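This report concerns only the one structure given below.
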Amino acid sequence: ILNVEQSPQSLHVQEGDSTNFTCSFPSSNFYALHWYRWETAKSPEALFVMTLNGDEKKKGRISATLNTKEGYSYLYIKGSQPEDSATYLCAFTSGTYKYIFGTGTRLKVLA
Amino acid sequence: NAGVTQTPKFQVLKTGQSMTLQCAQDMNHEYMSWYRQDPGMGLRLIHYSVGAGITDQGEVPNGYNVSRSTTEDFPLRLLSAAPSQTSVYFCASHLGTGYPGELFFGEGSRLTVL
């Protein structure tokens, strides 16, 4: 059974702090790694889709890196804001049919 | 933009009852899927479809049936509900095979089986 692990499970940071989370996934048969942002009472929304080793993606204050050889991806948030509070999910796929999700990192940004 | 629409949003069933969760998308996506979300666990794939008439099992298919008669619709059927099927269900779609693009999710359906 393929496993995707995310750490930490949850964290609280102060407004303005920078933070990062980790997603670990199988290093074999890699096709793509997704990051999603999931706000309470809403549905997950895609942040990044990463396909190449060494990929770096950026959207505003949020960025992500990918290492497919060692099986990990980092998500960084620079200067956290209260509106960044959400659960951040990663999902691994070895093809386009089946996605395996991690349990998420729950971020709370304190004003 | 409707995107992915799920109904109902909430449902309470008694053990043994049957019901269908509806999912429709208006983006002409080939790929549609159903996930369940349980506390402390990641989203788990129940069934998926890569086009009309084509379905396959995911990680946790037992107790659920699906069919795909049109590109737009992908209903999930519970034939005899069990308390273990109490969960939040999400329908998700993407453009199709050969494309690693993001999943688009519905708003979720919270099901309680008594």
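Annotations
- Selection of region A:50-69 for residues being more than 14 Å from every other protein chain (Cβ to nearest Cβ), out of contact with any Lys or Arg (no Cβ under 9 Å at 6 or more places or on another chain) and on the phi < 0 side of the Ramachandran plot yields A:GLU56, A:LYS58, A:ASN67, A:LYS69.
- Qualifying residues in region A:21-69 (those that are basic (Lys, Arg) and touching a residue at least 24 places away in the same chain (Cβ under 8 Å)) - the one farthest from A:GLY104 (Cα to Cα): A:LYS69
- Being more than 9 Å from every other protein chain (Cβ to nearest Cβ), open to solvent by 70 Å² or more (accessible area, probe 1.4 Å), touching a residue at least 60 places away in the same chain (Cβ under 8 Å) and closer than 21 Å to A:ALA46 by Cβ is a property that holds for B:GLU30.
- Residue match in region B:10-17 (condition: without any contact (Cβ under 8 Å) to a residue 60 or more places away in the chain and either touching a helix residue (DSSP H, G or I) at 6+ places or on another chain (Cβ under 9 Å) or surrounded by fewer than 18 Cβ atoms within 10 Å (Cβ to Cβ) (or both)): no
- Restricting attention to region A:72-96, the residues being surrounded by fewer than 18 Cβ atoms within 10 Å (Cβ to Cβ) and not hydroxyl-bearing (Ser, Thr, Tyr) number 6.
- Any hit, region A:3-26, residues being open to solvent by less than 50 Å² (accessible area, probe 1.4 Å) and at the interface with chain B (Cβ under 10 Å from one of its Cβ atoms): yes
- Verdict on A:LEU47 being open to solvent by 60 Å² or more (accessible area, probe 1.4 Å) and either within 12 Å of another protein chain (Cβ to nearest Cβ) or at positive phi (or both): no
- Qualifying residue in region B:12-21 (condition: within 13 Å of chain A (Cβ to nearest Cβ) and of a type outside the set (Asp, Glu)): no
- Against the conditions (1) in contact with an Asp or Glu (Cβ under 8 Å, 6 or more places away or on another chain); (2) under 24 Å from B:GLU107 (Cβ atoms); (3) not aromatic (Phe, Trp, Tyr), A:PRO44 satisfies every one except (1).
- Test: residue in region A:81-101 that is over 24 Å from B:TYR31 (Cα atoms), within 12 Å of another protein chain (Cβ to nearest Cβ) and either not in a strand (DSSP E or B) or not aromatic (Phe, Trp, Tyr) (or both): yes
- The residue of region B:65-114 that is farthest from B:PRO39 (Cα to Cα), among those that are part of a helix (DSSP H, G or I) and either within 14 Å of another protein chain (Cβ to nearest Cβ) or touching a strand residue (DSSP E or B) at 6+ places or on another chain (Cβ under 6 Å) (or both), is B:PRO83.
- Criterion (surrounded by fewer than 15 Cβ atoms within 10 Å (Cβ to Cβ), out of contact with any Phe, Trp or Tyr (no Cβ under 6 Å at 6 or more places or on another chain) and hydroxyl-bearing (Ser, Thr, Tyr)) met by exactly one of B:SER87, B:SER69: B:SER69
The values are calculated or read from the model by the stated rules, or taken from the named source; none is laboratory data. Just so you know, these numbers come straight off a predicted model, no measurement behind them. Using ideal geometry, Cβ is built from the backbone for each residue, glycine included, and neighbour counts are taken over all protein chains shown. Quick note on the areas: whole protein, heavy atoms, side chains included, nothing else; ligands and nucleic acids left out. Shrake-Rupley method; radii C 1.70, N 1.55, O 1.52, S 1.80 Å.
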